[in-house]
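Down below is the structure, laid out as structure tokens.
The values are calculated or read from the model by the stated rules, or taken from the named source; none is laboratory data. Because the structure is predicted, anything quoted here is derived from the model rather than measured. Glycine gets a Cβ as well: all are built from the backbone with ideal geometry, and neighbour counts include every protein chain shown. Only protein heavy atoms, including side chains, enter the accessible area calculation; ligands, DNA and RNA are left aside. Shrake-Rupley method; radii C 1.70, N 1.55, O 1.52, S 1.80 Å.
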Amino acid sequence: MKEPEKTPQVLWAGRLEEKPDTEAFAFQASITVDGRLAQEDITGSRAHAAMLAGQGIIPEETARKLDKELAAIAGELASGALGLDPNAEDIHSFIEGELTGRLGDPGRVVHAGRSRNDQVALDFRLYLKKTIPALRSELAETITVLLDLAEAHAETVMPGYTHLQRAQPVTLGYHLTAWASALDRDRGRLADALERLDECPLGSGALAGSTLPLDRDAVAKTLGFKRPTLNAMDSVADRDFAVETAAAISIVMIHLSRFCEDIVLWASEEFKFIELAESYSTGSSIMPQKKNPDFAELIRGKSGRTTGNLVTLLTLLKGLPYAYDKDLQEDKEALFDSIDTAAVSLRIFRGMIASAAFNAQRMKVACTGGFLEATDAAEYLVRKGMPFRTAHETAALVVRDCIAAGRRSIAEQPLENLRERSPLFEKDLYAELEPEASVKNRKTSGGPAPKELHRQIEELRLRLR
Ligand code: ARG
């Protein structure tokens with residue numbers, strides 16, 4: 001019998017006589033992507049080795065050596081004293097190769113009862129157990145920035161829009177709290193994803209467990225998982241946890257893209273509601289006057305990547321035969337990119353919004369001229385006993401009268417003209433038509449009245465605690 005080949009750093013050299021074709025080998029290698037799982041891979045191996053010794057599968061003395069060397073490798077990788085070998089096949093082969101290179105035979109026992117299939121599933125989950133909380137913190141900090149601004153602008157009136165047409169007066173604080181509410185649900189979605197993926201796949205082997213007496217509960221406990229996964233085949237075959245995380249992240253980015261679209265509009269000469277800080281703007285190479293909202297645009301643009309990554313993951317899984325297939329290796333690049341994109345986008349977004357100046361004067365002026373007070377006029381009539389549909393028609397006729405008379409708001413229309421449309425109109429109507437009063441009067445739960453808004457802000461702050 002031929003001795004196993006030692007030259008290539010592959011774990012399967014015993015089976016194949018020919019060395020792999022260089023380009024083909026590089027094509028299937030993944031170290032450039034899964035290299036970022038190095039620490040998780042080592043953490044998993046340390047737990048696995050300790051369990052093997054605990055179960056009498058390997059000698060205690062060997063386990064001690066393995067643990068010491070794995071810890072050393074982890075430290076060297078962290079400090080940069082040891083670099084990843086770009087020619088290694090993947091992070092698992094690299095770490096095992098490093099261990100065997102340093103320890104000789106004792107290094108060769110660590111893979112007992114384990115496959116790279118359950119190993120990679122473990123590493124990926126461990127990585128997400130670390131990264132999802134970090135993303136949730138980025139969201140929390142962003143929500144805090146929005147709520148601080150919302151509090152400061154709880155009485156800064158601005159137009160609220162539907163169909164991008166001025167609809168009813170709201171406040172800037174109210175608009176920002178709408179954004180914060182969306183990001184609050186995003187935190188919840190990420191927490192849900194984390195909750196479901198918090199199961200340890202190690203001990204699943206290639207797909208069907210092991211004849212060795214592995215203690216999966218012990219390993220799960222050591223690694224801080226809630227419990228081991230239930231079914232070994234499922235553990236190595238599925239990546240629904242990656243899809244779920246990518247989906248939650250896609251929604252974060254779609255939210256940010258909408259907020260950024262508002263910001264781009266607000267920064268335009270036409271709106272001029274916001275003045276972005278120079279540190280969060282760029283200029284033009286040809287037009288000397290330009291100050292562009294590139295950061296908002298880029299965040300909006302980057303939401304395309306995260307949507308794409310979600311589609312990549314779903315497509316990867318569709319029709320994939322059970323259990324493990326190498327296609328699954330493509331999962332990490334997509335999700336890593338989504339995680340990186342969302343984390344940096346959240347940071348840039350909150351830096352941009354926190355440093356911006358809002359033009360309260362422009363926002364207030366924009367509350368007049370589009371008959372945003374028409375709904376208030378209709379509800380005024382309803383409060384005086386008129387059926388809503390009639391009140392709606394009456395207020396619409398008032399608006400038409402105003403336009404015909406060249407007036408820019410109902411407040412400019414004399415009472416006698418208003419009373420031609422309904423005798424229910426009285427002098428007290430005019431006070432209600434002011435944007436500030438209009439906002440203050442909409443005290444329904446969820447509404448923009450400053451007092452009610454402060455309640456919403458408090459509730460969102462409470463959820464962050
Ligand atoms: N690099 C591989 C991945 O990311 C690790 C698992 C390889 N398993 C295998 N049977 N070739 O999926």
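May I ask for the net charge around residue 228, where only other residues with Cβ less than 13 Å from the Cβ of residue 228 are counted and Lys, Arg are +1 while Asp, Glu are -1? Here the charged neighbours net out to -1.
According to the Kirkwood relation over distinct C-alpha pairs, the hydrodynamic radius of the stretch 206-359 is 18.6 Å. The stretch between residue 22 and residue 445 holds 145.7 nm of extra length on full extension. This uses 0.36 nm per residue minus the Cα-Cα distance.
Report the normalised scattering of the stretch 167-218 as log10 I(q)/I(0) at q = 0.15, 0.17 Å⁻¹, calculated by the Debye formula with identical scatterers on the alpha carbons. Values, matching the q order: -0.64, -0.71.
Based on the mean of other beta carbon atoms within 10 Å per residue, what is the order of 363-370, 39-46, most packed first? If you can, show how the numbers build up before the last one.
Numbers: 363-370: 18.0, 39-46: 23.5.
Put in order of decreasing packing, that is 39-46, 363-370.
Counting heavy atoms of the protein chains alone, residue 287 has an accessible area of about 80 Å² for a 1.4 Å probe.
Can you tell me the order of 248-261, 57-70 when each peptide is scored by its average per-residue count of other Cβ atoms within 10 angstrom, highest first? Mind showing how you got there, number by number?
Working: 248-261: 21.8, 57-70: 17.4.
Result, highest mean Cβ count within 10 Å first: 248-261, 57-70.
The convex hull drawn around the Cα atoms of the chain, when projected onto a plane and averaged over every direction, covers 30.5 nm². Considering only beta bridges that DSSP places wholly inside the chain, some 80 percent are antiparallel.
Does the stretch 52-158 come out rounded, prolate or oblate, given a ≥ b ≥ c as the square roots of the eigenvalues of its C-alpha gyration tensor, rounded meaning a/c under 1.5 and, failing that, prolate meaning a/b above b/c? It comes out prolate by the Cα gyration axes. The angle between the Cα long axis of helix 450-464 and the main principal axis of the chain comes to about 0°, on a 0 to 90 degree scale.
Given the pairs 302/332; 272/427; 364/427; 364/443, which span a C-alpha to C-alpha distance of over 25 angstrom in this model? Before the final figure, lay out the partial values.
Working: 302/332 18 Å; 272/427 34 Å; 364/427 23 Å; 364/443 20 Å.
From 302/332; 272/427; 364/427; 364/443, over 25 Å: 272/427.
Per residue, the accessible area of the chain comes to 49 Å² when a 1.4 Å probe rolls over the protein heavy atoms.
Shown in residue order for the stretch 420-425 are the 3J(HN,Hα) couplings computed by the Karplus curve 6.51 cos²θ - 1.76 cosθ + 1.60 at θ = phi - 60°: 5, 8, 7, x, 6, 5 Hz (x for Gly and Pro). Counting Lys and Arg as +1 and Asp and Glu as -1 over every other residue whose Cβ lies under 11 Å from the Cβ of residue 329, the net charge comes to -4. Seen from residue 460, the other residues with C-beta closer than 14 Å to its C-beta sum to a net charge of -2, counting Lys and Arg as +1 and Asp and Glu as -1. Per-residue ellipticity at 222 nm from helix content only, as computed over the chain with -39500 (n - 2.57) for each DSSP H run of at least four residues, stands at -19500 deg cm²/dmol. Can you classify the stretch 114-182 as rounded, prolate or oblate using the Cα gyration tensor, where a ≥ b ≥ c are the square roots of its eigenvalues, rounded means a/c under 1.5, and otherwise it's prolate if a/b beats b/c and oblate if not? Verdict is oblate for the stretch 114-182. Taken about its Cα centre, the chain carries a charge dipole of roughly 1260 debye when the Cβ of each Lys and Arg holds +1 and the Cβ of each Asp and Glu holds -1. If every alpha-carbon in the stretch 355-416 counts as one equal scatterer, what log10 I(q)/I(0) does Debye give at q = 0.16 1/Å? Each listed q corresponds, in turn, to -0.58. With contacts taken as Cα pairs under 8 Å at a separation of at least 6 residues, the chain carries a relative contact order of 15 percent.
Each of 396, 341, 161 was placed along the dipole of the chain (beta-carbon charges, centred on the mean Cα), and the one lying farthest toward the positive end is 396.
Here the calculated FRET efficiency for residue 326 and residue 129, from their Cβ-Cβ distance with R0 = 25 Å, stands at 0.50, rounded to the nearest 0.05. Put a dot 7 Å past the Cα of residue 287, heading toward its Cβ, do the same for residue 364, and the two dots end up 3.1 nm apart. Taking the charge dipole of the stretch 256-305 about its Cα centre, with +1 at Lys and Arg Cβ atoms and -1 at Asp and Glu Cβ atoms, the residue from 283, 265, 304 reaching farthest to the positive side is 304.
If contacts are Cα pairs under 8 angstrom and at least 6 residues apart, what is the relative contact order of the stretch 316-465 in percent?
Working: 93 pairs, mean separation 22.8, N = 150.
Relative contact order, the stretch 316-465: 15 percent.
Here the stretch 156-265 is described by how far its Cα atoms reach on the three principal axes: 70, 22, 18 Å, from widest to narrowest. For residue 384, the aspartates and glutamates whose Cα comes closer than 13 Å to its Cα, not counting residues fewer than 8 places off in the same chain, are 376, 426, 428.
Using alpha-carbon pairs under 8 Å, 6+ residues apart, how would you state the relative contact order of the stretch 251-394 in percent? Don't skip to the answer; put the middle values down first.
Values: 125 pairs, mean separation 39.2, N = 144.
Relative CO of the stretch 251-394 lands at 27 percent.
Working from label points 7 Å from Cα in the Cα-to-Cβ sense, the residue 217 to residue 340 distance is 4.1 nm. Dipole size of the stretch 175-287 about its Cα centre, with +1 on Lys/Arg Cβ and -1 on Asp/Glu Cβ: approximately 400 debye, rounded to the nearest 20. Restricting attention to the stretch 97-235, close to 75% of DSSP beta bridges with both partner residues there are antiparallel.
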